[in-house]
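K.L.:
Before I ask anything, let me first share the structure, which is written out below as structure tokens.
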Amino acid sequence: MAISLPILLTLIMGIISYGDWFFTAHSIQQTANDAARSAISGLTATERQATAIATAQTDMRRGGVLNPVRATFSVNDDNTTVVVAVSYDASNDPLLHLSFVPMPASVIRRSAVIRLDGL
């Protein structure tokens, strides 16, 4: 028991930590996807950017897990495609800072692309 319990607890905490990281990363990807989808409703590049950022912030607030204050949004619009990039600082998440479990980077970056052709 003295040998197997620390190994088992480390594995369980690793599973929980990585599960939290994957959930956060997936939520950020979904936010980027929703923001890109909403951007096609704008008629100008400025309107598409404002719509995408507003949608991303609303998605993060409504999701209940992510804090939009810790996120940065960028919208790149070349009038044929819109790229929405979301960068989220998850350094305040306590499950991502376990000293005995190696974790991926605490800044999570995701992006989504949508074409504007046919409008």
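Here is a yes/no grid of residues against (1) more than 17 Å from Ser74 (Cα to Cα); (2) at pLDDT 95 or above:
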{"site": "Ala2", "(1), (2)": "yes, no"}
{"site": "Met13", "(1), (2)": "yes, no"}
{"site": "Phe23", "(1), (2)": "yes, no"}
{"site": "Ala32", "(1), (2)": "no, yes"}
{"site": "Gly42", "(1), (2)": "no, no"}
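K.L.:
In addition: Within the set of pairs 6 or more residues apart or between chains, which connect a residue that is under 12 Å from Leu95 (Cα atoms) inside segment 4-15 to a residue that is part of a helix (DSSP H, G or I) with Cβ atoms less than 8 Å apart?
P.N.:
none
K.L.:
Starting from residues that are in a loop (DSSP other than H, G, I, E, B) and among the β-branched types (Val, Ile, Thr), keep the ones in segment 37-77 and report whichever is surrounded by the most Cβ atoms within 10 Å (Cβ to Cβ).
P.N.:
Checked segment 37-77; the qualifying residue surrounded by the most Cβ atoms within 10 Å (Cβ to Cβ) is Ile40.
K.L.:
Now, a different point. Say whether the condition of being under 27 Å from Val101 (Cβ atoms) and modelled with pLDDT of 90 or more is met by at least one residue in segment 45-55. Before the answer, list the steps.
P.N.:
Going through segment 45-55, the residues under 27 Å from Val101 (Cβ atoms) turn out to be none.
Looking through segment 45-55, none of the residues is under 27 Å from Val101 (Cβ atoms) and modelled with pLDDT of 90 or more.
K.L.:
Another question, then. I'm trying to understand the selection: among the residues of segment 65-119, which are modelled with pLDDT under 85 and on the phi > 0 side of the Ramachandran plot?
P.N.:
Gly118
K.L.:
Between a residue in segment 97-119 that is farther than 23 Å from Ala71 by Cα and any residue that is of a type in the set (Ser, Thr, Tyr) and modelled with pLDDT of 85 or more, which pairs come within a Cβ distance under 7 Å, given they are 6 or more apart or on different chains?
P.N.:
Phe100/Thr10; Val101/Thr10; Val101/Ser17; Arg115/Thr80; Arg115/Thr81; Leu116/Thr80; Leu116/Thr81; Asp117/Thr80
The values are calculated or read from the model by the stated rules, or taken from the named source; none is laboratory data. Please read all numbers here as calculations on a predicted model, not as lab measurements. Note that we place each Cβ from the backbone using ideal geometry, even for glycine, and neighbour counts take in every protein chain shown.
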